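Here the structure is laid out as structure tokens; the discussion comes afterwards.
What follows draws every value from the coordinates through simple rules; no lab data is involved. What you see is a predicted model, and the numbers here were worked out from it, not measured in a lab. For neighbour counting, all protein chains shown are included, and Cβ atoms are generated from backbone atoms with ideal geometry for every residue, glycine included.
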Amino acid sequence: MHDLIALTALGGTGPESCTVGSVSCRECPDIALASVAARLGHEAETRAALATLTGHTAPDIEQTSGQTVKAFWTGPDQWMLEAPFETHEDLASVVKRHVKDAASVSEQTDAWTRFDLEAPDVQAVLELLCNLDCRKMAPGAAARTSIHHLGCFVLCRSANVFSIYGPRSSARSLQHAIIAAMNSAL
């Protein structure tokens, strides 16, 4: 029998975090993810299923919605769903049961890594990382952008908290870019 140990995207047994000035960056490995793409002709059915699952209407372009299970828009009739891993380890299976044959669902938990940035002026860091106008992003906004040559999603959780999703395979490179921006901005 193997004694396997779960590792975070950065290779540790627990999440890494760092603080530069007033900005904190925290690795968030405890999130389950699943992608949903509505099948042609089943867009309304998929949106209805997502509304049932999240407790809110499916998010529109560059928006997020939901309670425990949250969704953010990733493309036309496509969404990423996130939920606490502790209670939703099987998120993709749960989503598939809700959408049935109306959408394609894919497990994404180990494909992405999430970093949460928090500070009174976190936008100064984000301005150095990507070409989004983060100062105009209201809570509940989400956008796809490039950070350090990586396709990423940036979600505005509140005026002082933003989440960045990037490819898990490039987690260390993404973290390096974030910390470099934190050092440069402050």
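Tabulated data for the structure shown
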quantity	calculated
Estimated dipole of the chain in Debye, rounded to 20 [Cβ of Lys and Arg +1, of Asp and Glu -1, Cα centre]	260 debye
Theoretical ellipticity at 222 nm over the chain - DSSP helices of four or more residues, -39500 (n - 2.57) apiece, nearest 500	-7500 deg cm²/dmol
Karplus 3J(HN,Hα) series, Hz, for region 129-135 with 6.51 cos²θ - 1.76 cosθ + 1.60 (x for Gly, Pro)	8, 8, 8, 7, 8, 5, 5
Residue among Glu86, Glu127, Glu107 with the largest mean-square fluctuation in a Gaussian network model of the chain, springs linking Cα atoms under 10 Å	Glu86
Highest-fluctuation residue, Thr64, Thr109, Thr52 considered, GNM on the chain with Cα pairs under 10 Å	Thr52
Nearest 10 degrees, 0 to 90: helix 171-185 Cα axis against the chain principal axis	50 degrees
Relative contact order of region 38-119, defined on C-alpha pairs under 8 angstrom at six or more residues apart (%)	25 percent
Whole-number percent relative contact order across the chain, with pairs defined as alpha carbons under 8 Å at least 6 apart	23 percent
Euclidean distance of C-alpha centroids, region 103-180 and region 10-46, integer Å	9 Å
